[in-house]
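The values are calculated or read from the model by the stated rules, or taken from the named source; none is laboratory data. These numbers were taken from a predicted model, which means no experiment stands behind them. Quick reminder, even Gly has a Cβ in these numbers, built from the backbone with ideal geometry, and neighbours come from all protein chains shown. Heavy atoms of the whole protein, side chains included, go into the accessibility calculation; ligands, DNA and RNA do not. Shrake-Rupley method; radii C 1.70, N 1.55, O 1.52, S 1.80 Å.
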Amino acid sequence: MKDISHGRYHARFAQCDTDILAAQNLRHRAFGLTSPSGRDQDDFDKICQHVLIHDTNQQRLVCCFRILLLDHGAQIDTSYSAQYYNLTALHKFSGKLAEIGRFCMDPSIHDPDVLRVAWAFLTTYVDDHAIAMLFGCTSFHGLETGPYFDTFALLRDRYIAPNTWAPQVKSPDVFKFAARLRRKPDMARALKGMPPLLRTYLMMGGWVSDHAVIDAEMATLHVFTGVEIATIPPARKRLLRALA
């Protein structure tokens with residue numbers, strides 16, 4: 001698969017252990033972790049492909065994520081997300097899936113072009129591997145649900161997963177926002193509280209679980225997120241392919 005460049009940013013697969021170490025170091029810093037090793041690492045790193053995005057002007061890593069390729073839904077219980085969600089409904093999904101995990105950016109970077117390059121790279125990956133669904137855990141910073149009530153109310157109203165694929169509760173510590181929240185969302189606050197990655201997923205026709213997992217280890221809240229490639233709006237597909 002070819003590398004992707006856009007402006008000052010360049011996306012490519014990790015090529016060696018040093019690349020993966022750099023990604024783990026960036027993840028540790030971006031997620032605000034405090035482990036003595038200075039690295040965020042787990043067993044999934046060994047079975048995933050790692051994508052690195054560099055700022056070619058400053059010669060530094062600014063974004064990374066990893067991809068786990070699955071041939072069909074019956075393999076989904078081997079994914080990272082399956083630790084936190086009951087994904088039995090997706091066992092019958094017949095197409096290829098790709099789990100996007102540990103997506104993060106350097107905390108000092110706020111350039112939307114980084115996200116554009118990431119999605120351009122993913123678009124090429126989806127086309128090259130005939131992926132039918134992207135999925136993963138999309139994170140909200142911190143463990144307090146209150147700051148995100150309006151965002152969760154918006155997700156409840158517009159973006160809950162179809163019953164066909166709906167994830168069920170598995171984690172012991174969850175916030176069942178679809179059942180518990182009764183408020184009407186304030187749109188300004190809802191959009192302000194929405195992570196940029198999740199916003200992009202939703203713009204492509206994505207959907208989420210009806211509950212958020214409270215992940216104390218990573219100090220985040222997260223929702224399961226899925227995007228069926230066949231349902232991405234044609235205009236959005238054309239834009240992504242133009243970048244790729």
Ellipticity estimate at 222 nm from DSSP helix runs (n ≥ 4, -39,500 (n - 2.57)) divided over the chain, nearest 500:
-8500 deg cm²/dmol
Estimated FRET transfer efficiency (LEU239, ASP128; beta-carbon r; R0 22 Å; 0.05)
0.75
So for R0 = 25 Å, FRET eff. of ASP113-THR18 from the Cβ-Cβ r, to 0.05, ends up at 0.50
Electrostatic dipole magnitude of the range 179-244 [Cβ: Lys, Arg +1; Asp, Glu -1; Cα centre; debye, to 20]:
440 debye
The chain: relative contact order from alpha carbon pairs under 8 Å, six or more residues apart, as a whole percent, is 20 percent
The range 184-241, accessible surface, carbon-and-sulfur percent (1.4 angstrom probe):
61 percent
Please report, in Å, the Rg and the Dmax of the range 43-134, where both are computed over Cα atoms only.
14.7, 46
Can you give me the relative contact order of the range 1-79 as a percent, contacts being Cα pairs under 8 Å and 6 or more apart?
29 percent
Within a Cβ distance under 13 Å of ARG189, other residues only, what is the Lys/Arg minus Asp/Glu net charge?
+1
Portion, in percent, of the accessible area of the range 1-157 that falls on carbon or sulfur, probe 1.4 Å:
50 percent
So for the range 101-174, using the alpha carbon gyration tensor with a ≥ b ≥ c as root eigenvalues (a/c under 1.5 gives rounded; past that, a/b versus b/c decides prolate or oblate), I'd call it oblate
Going by the alpha-carbon gyration tensor, a ≥ b ≥ c the square roots of its eigenvalues, is the range 1-84 rounded (a/c under 1.5) or, if a/c is not under 1.5, prolate (a/b greater than b/c) versus oblate?
oblate
Any chance you could get the radius of gyration and Dmax over the Cα atoms of the range 106-244, in Å?
15.4, 43
Cβ-based charge dipole, the chain, positive-most Cα from PHE149, ALA166, ALA188:
ALA188
Candidates MET203, MET133, MET194; GNM for the chain (alpha-carbon contacts under 10 Å) flags as most fluctuating MET203
So, for the chain, what is the accessible surface per residue at a probe of 1.4 Å, expressed in square angstrom?
47 Å²
Please give the helix 149-158 orientation as an angle from the longest Cα principal axis of the chain, in degrees from 0 to 90, rounded to the nearest 10.
80 degrees
Return one number: the angle in degrees, 0 to 90 and rounded to the nearest 10, between the long axis of the Cα atoms of helix 112-129 and the longest principal axis of the Cα atoms of the chain.
90 degrees
Taking all pairs of distinct alpha-carbon atoms in the chain, Kirkwood radius in angstrom
18.4 Å
Cα pair count fraction exceeding 17 Å, expressed as % - the range 44-88
49 percent
Report, to the nearest 10°, how far helix 234-243 tilts away from the longest principal axis of the Cα atoms in the chain, using its own Cα long axis and a range of 0 to 90°.
20 degrees
Quick P(r) readout (the range 171-244; Cα-Cα; 10 Å bins; whole %) gives 16, 41, 31, 12, 1
Cross-link candidates for LYS184: which lysines have Cα within less than 29 Å, leaving aside residues fewer than 8 places away along the same chain?
LYS170, LYS176, LYS192
